[in-house]
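Q: Pasting a structure here, questions to come.
The values are calculated or read from the model by the stated rules, or taken from the named source; none is laboratory data. The model shown is predicted, which means the values in this text are computed figures rather than measured ones. We place every Cβ from the backbone using ideal geometry, glycine too, and count neighbours over all the protein chains shown. In case anyone asks, the SASA skips ligands and DNA or RNA and just uses the protein heavy atoms, side chains included. Shrake-Rupley method; radii C 1.70, N 1.55, O 1.52, S 1.80 Å.
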Amino acid sequence: ALLYTAELTGAAAPPAPALQYADYTLWQADALAADERRLLAHWRGTLAGAPAETPLPLDRPRAAEVDQRGDSVEFTVPADVHRAASRLAADGGATLFMALQAAFAALLTAHGAGTDLPLGTLLSGRDEDGLRDLPGLVANTVVLRTDTSGDPTFRELLARVRDMDLAAFEHGELPFERLVDELAPERSLSRHPLFQVAVIHQNAPGHTVAFGDVPADVQLVETRGAKFDLTLAVVEEAGRDGLRAALNYRTALFDRTTVAALGRRFTALLDWLCRHPGRPIGEAPSTDAEDRGALARWAAEPMRAVPATTLPELVRRQCAHTPSAEALRDGPRRWSYAEFDTEADRIAALLAERGVGRGHVVAVALPR
């Protein structure tokens, strides 16, 4: 959270704004009553069939109830990548936020989150002149349904994101809690409704700001909570190249090392996508230099001795020893050794029925 901390110097208090927060709430109620039907129709169509849960690369399964303890990993997007992303966005009639959202969606897809990604974001709600200096909360949460299917180029994905975002912003006056009540999604105490991942871009002033005669400093305040499973927050400071970024995450779901790796990979991926905007996002490397260095070190290690038996036999032994222990993870799904062994037998029987025997080669299709 960016908090403005002011040191009072004895200056007179600024005059009260002409518009009070109570006026705003009355105006919002009137506007919603006049336009609610159109807004609801848009969001019903936009979010129809959206996944209830985004399958993230979690380190631990979800508990029955959400744990809002959190932490953040900070990182920096270098100045050259910042400039390249801004230029590419402008060339496509988009904003830097849209380029960051598209790159983050591509990263999540590469990590098994699928191609239909509902991402939350905040609208400031201060587009009207009278609201810019109004004290109080006027922001609203909207859902940006991001489509990465078909392995588009980054330019194509950016165009999709631009069109979706503009439509969402045009219909962003509907309060999020009203949207949830109307759509009545499948509710769970273990996750946030409609989306679990958020992307936030903030244009911040420089390090010095002033409120009339009251001097103030901008400080980054560390938080220990997480409203969503994963949040990418990017701060663009006026007059400064490069972006400050942080990934806020729920500690009950992710290890810090996992999130730190996602931050590194996001920066590397954004750089690659901006340098190759005409190539499919699926061609982008899903690792960064640190990952590749670790892989090289592991590859250089001497081979360890393995038991003189087959992998299926090892699995059967483990199944007999700990049948209820976790054997596999596939997104949010978890398989015990007993379930894994049963499923392997079912597939083996199916292959045998199709004429597959010992020594035959069977192709296995898996996502990246």
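Q: To the nearest 0.05, what FRET efficiency results for Ala349 and Ala52 with a Förster distance of 45 Å applied to their C-beta separation?
A: Calculated value: 0.85.
Q: Under 14 Å from the Cβ of Met98, count the other residues' Cβ atoms, weight Lys and Arg +1, Asp and Glu -1, and hand me the total.
A: Spelling it out: positives minus negatives among the neighbours equals -1.
Q: Taking the mean number of other Cβ atoms within 10 Å as a proxy for protection, how do you rank 270-283, 181-194 from highest to lowest? Mind showing how you got there, number by number?
A: On the way: 270-283: 17.6, 181-194: 13.4.
The densest-packed peptide leads the list: 270-283, 181-194.
Q: Ignoring ligands, DNA and RNA, please state the percent of accessible area on the stretch 214-299 from carbon and sulfur, probe 1.4 Å.
A: That share works out to 54 percent.
Q: Rounded to the nearest whole Å², what accessible area per residue is found for the chain with the 1.4 Å probe? Before the final figure, lay out the partial values.
A: On the way: 21100 Å² over 368 residues.
Accessible surface, normalised per residue, equals 57 Å².
Q: Tell me, what is the FRET efficiency for Ala363 and Asp91 to the nearest 0.05, using R0 = 45 angstrom and their Cβ-Cβ distance as r?
A: E(calc), rounded to 0.05, equals 0.65.
Q: Turning to a different aspect of this structure: If one takes the longest principal axis of the Cα atoms in the chain, at what angle in degrees, from 0 to 90 and to the nearest 10, does the Cα axis of helix 96-110 lie?
A: That helix lies at roughly 20 degrees to the long axis.
Q: Might you work out the accessible area of Trp43 for me, using a 1.4 Å probe with all protein chains in place, and round it to the nearest 10 Å²?
A: Counting only protein heavy atoms, Trp43 exposes about 10 Å² to solvent.
Q: Taking the structure as given and computing mean projected area of the Cα convex hull in nm², which label from [x] 34.7; [y] 24.7; [z] 19.2 fits?
A: Computed from these coordinates, mean projected area of the Cα convex hull in nm² corresponds to label [y].
Q: Around Gly242, with a cut-off of 14 angstrom between Cβ atoms, what is the net charge of the other residues, counting Lys and Arg +1 and Asp and Glu -1?
A: Taking every other residue near Gly242 into account, the sum is -3.
Q: Please give the contour-minus-distance gain from Arg60 to Arg304: 0.36 nm per residue of separation, less the Cα-Cα distance, rounded to one decimal in nm. Present the calculation step by step, with values, prior to reporting the outcome.
A: Working: separation 244, 0.36 × 244 = 87.84 nm, distance 2.83 nm.
Extending this stretch completely gives an extra 85.0 nm.
Q: Could you sort the peptides 252-258, 62-68, 102-108, 262-268 by per-residue average Cβ neighbour count (10 Å cutoff), highest mean leading?
A: Values: 252-258: 17.4, 62-68: 13.3, 102-108: 26.3, 262-268: 20.6.
In descending order of packing, they fall as 102-108, 262-268, 252-258, 62-68.
Q: Helix 337-353 versus the longest principal axis of the chain: what is the Cα-based angle in degrees, 0 to 90, to the nearest 10?
A: Between helix and principal axis, roughly 60 degrees.
Q: Counting only protein heavy atoms, what percent of the accessible surface of the stretch 67-107 is carbon or sulfur at a 1.4 Å probe?
A: Ligands and nucleic acids excluded, carbon and sulfur give 49 percent.
Q: Now, a different point. With everything on Cα atoms, drop me the angle between helix 21-47 and the longest principal axis of the chain, reported from 0 to 90° to the nearest 10.
A: Tilt relative to the chain: about 30 degrees.
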